[in-house]
1. Specify which of the listed residues (I306, I342, I330, I295) is farther than 18 Å from I215 by Cα and either more than 19 Å from the chain's Cα centre (by Cα) or not charged (D, E, K, R) (or both).
2. Can you tell me which of (1) closer than 27 Å to T222 by Cβ; (2) part of a loop (DSSP other than H, G, I, E, B); (3) out of contact with any helix residue (DSSP H, G or I) (no Cβ under 9 Å at 6 or more places or on another chain) is the one E120 doesn't meet?
3. Answer with yes or no whether N217 is in the same structural domain as Y341 (by TED's automatic domain parsing), within 25 Å of S51 (Cβ to Cβ) and touching a residue at least 40 places away in the same chain (Cβ under 8 Å).
4. Are any residues in region 155-177 surrounded by 14 or more Cβ atoms within 10 Å (Cβ to Cβ), of a type outside the set (F, W, Y) and either at pLDDT 90 or above or under 25 Å from the mean Cα position of the chain (by Cα) (or both), and if so, which ones?
5. Out of the helices (runs of 4 or more DSSP H) lying entirely within region 239-358, which hold 2 or more residues that are in the same structural domain as M226 (by TED's automatic domain parsing) and at pLDDT 90 or above?
6. Are there strands (runs of 3 or more DSSP E) fully within region 62-106 with at least 3 residues that are among the hydrophobic types (A, V, I, L, M, F, W, C)? List them.
7. Does I241 meet the test of being closer than 30 Å to M302 by Cβ and of a type in the set (A, V, I, L, M, F, W, C)?
8. Within region 135-149, which residues are loosely packed, with under 13 Cβ neighbours inside 10 Å and either part of a loop (DSSP other than H, G, I, E, B) or without any contact (Cβ under 8 Å) to a residue 12 or more places away in the chain (or both)?
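The values are calculated or read from the model by the stated rules, or taken from the named source; none is laboratory data. In this text the structure is predicted, and so the values were computed from the model without any measurement. Methodologically, a virtual Cβ is constructed for each residue, glycine included, from the backbone with ideal geometry; neighbour enumeration extends over all protein chains shown.
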Amino acid sequence: MRRKISLKPITLLLLLITFVSYGAEGGSSSESGTDKETEIKEYIQHHLQDSYDFTLFSWTTDSGEHKYFGFPLPVIIWDNGLKVFSSSKFHHGEAVAEVGGNYYKVHHSKIYKVDGLNGEIIEDADHHATNEKPLDFSITKNVTMIMMVFLIMFFMFKKMASAYQKNRNLPKGMGRLLEPIVLYIRDDIARPNIGEKNYKRYMSYLLTVFFFVWIVNLFGLTPIGMNVTNNIAVTFCLAIITYLITTFTAKKDYWKHIFWMPGVPVPMKIILAPIELLGTFIKPFSLMIRLYANITAGHIVMMSLIGMMFIFKNWIGTPLSFALAFVIGILELLVAALQAYIFTMLSALYFGSAVEEHDHEAH
């Protein structure tokens with residue numbers, strides 16, 4: 001009987017030799033590499049920032065002209081009166097917008113006043129803009145994403161509720177997809193951490209924050225570049241909502257264990273009370289930083305690996321960078337769900353500590 005020889009190891013070996021040979025011959029000059037590195041850094045920073053227009057993709061023509069594919073968003077500012085205009089006047093940050101005799105320019109995703117159509121942004125020694133800054137209420141790309149997620153969640157759960165009503169509380173369609181997740185949040189997050197008696201009060205918020213964080217994290221992995229949770233203002237708002245719910249629904253025992261801990265000597269109570277009070281602020285702060293830092297770091301790593309493909313320009317670096325970026329992309333899918341789970345779990349823990357009842361007499 002003749003044995004079949006597998007060509008896979010031979011093919012891989014030939015590919016490896018080819019990569020090595022091209023890698024030894026490839027490469028670019030240090031000057032062009034430095035320019036490319038600067039360009040990639042600027043692109044990553046632009047990818048992470050919010051913007052006043054919705055750009056799906058862009059390219060540069062042979063003549064050096066920048067072309068954009070997308071649509072503008074409304075700019076709403078207060079500068080001695082309400083001013084509303086289209087972000088197309090900024091030409092993607094490359095031009096000065098004239099509105100009502102005033103001139104405005106975008107600098108690092110913020111709007112500043114300038115002297116005229118040729119006005120420039122003046123920076124101090126720390127590279128901070130010193131121009132006057134109007135109050136900004138614009139509907140930016142991140143705001144648009146939040147509205148989109150709101151509509152998605154509204155129709156998802158509305159369709160799920162309608163399916164239950166029509167099928168006598170049996171899941172169908174969207175309900176089959178969402179029911180395991182909802183039950184998991186109820187049975188494995190809310191009930192064990194909050195308690196059977198009080199968990200129902202917090203279920204609506206826990207479900208909302210879980211699906212919101214999860215969906216916006218998934219959208220952040222798309223080429224659209226809508227990175228809502230890498231905006232610290234968004235994670236701050238989520239954390240402050242958790243803090244307010246914890247504070248205003250807390251029972252007497254919660255505050256008693258903060259300001260006057262039972263069973264602790266009086267001198268220690270005086271020392272521990274400020275520490276415990278400070279801990280109530282540290283908890284939401286950790287929620288804010290954890291979500292912001294993990295999502296931002298993931299985007300920076302992925303974009304950096306993709307940028308390395310354009311720096312190496314050889315048969316070793318480019319496939320390796322692509323493979324690493326692909327692996328990191330898969331991990332980011334897991335991180336998107338993991339960060340939603342962690343935020344929801346910690347929120348449930350804080351709610352549980354706020355409504356926990358202590359039997360001091362039995363103790």
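1. Answer to the check: I306.
2. (1)
3. Details: in the same structural domain as Y341 (by TED's automatic domain parsing): yes; within 25 Å of S51 (Cβ to Cβ): yes; touching a residue at least 40 places away in the same chain (Cβ under 8 Å): yes.
Here the answer is yes, as N217 does meet what is asked.
4. First pass over region 155-177, keeping only residues surrounded by 14 or more Cβ atoms within 10 Å (Cβ to Cβ): 156-157, 159-160, 162-164, 171-172, 174-175.
Next cut, of a type outside the set (F, W, Y) only: 156, 159-160, 162-163, 171-172, 174-175.
M156, the sole residue that qualifies.
5. Qualifying helices (runs of 4 or more DSSP H): 266-312, 317-355.
6. So the answer is 74-78, 82-86.
7. Here the answer is yes, as I241 does meet what is asked.
8. M147, the sole residue that qualifies.
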